[in-house]
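The structure under discussion appears below in the form of structure tokens.
A short reminder: the numbers here are calculations on the coordinates, not readings from a lab. Note that the coordinates shown come from a computational prediction; the quantities given were computed from them, not determined experimentally. Virtual Cβ from ideal backbone geometry, glycine too; neighbours counted across all protein chains shown.
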């Protein structure tokens with residue numbers, strides 16, 4: 001069942017990203033949530049659900065949704081590279097991303 005469309009924020013996207021462990025999903029969720037959204041035209045939510053990271057964005061325009069989503073994906077990529085460097089082996093092997 002899909003959620004009703006918010007008329008003030010009619011554009012939305014939910015990204016579901018599987019990660020190797022629940023701890024990693026929670027850590028990345030908390031890391032992304034620290035910075036507040038720069039625009040009042042965008043609402044975002046990060047949630048760890050077991051070993052899955054869920055990112056939900058709502059925006060007033062498709063352009064604002066695209067810009068916000070691109071920023072989140074860039075930040076996610078940076079965090080995954082940091083985790084790979086500092087938490088040796090978490091992204092490797094049969095349970096990892098490689």
Item to check | Cα long-axis angle, helix 62-86 against the chain (0 to 90 degrees, to the nearest 10) | outcome: 10
Checklist entry - How many nm separate the modelled label positions at residue 81 and residue 56, each set 7 Å beyond the Cα in the direction of the Cβ? => result 3.1
Item to check | Rg over Rh [alpha-carbon atoms, Kirkwood Rh] for the chain | outcome: 1.02
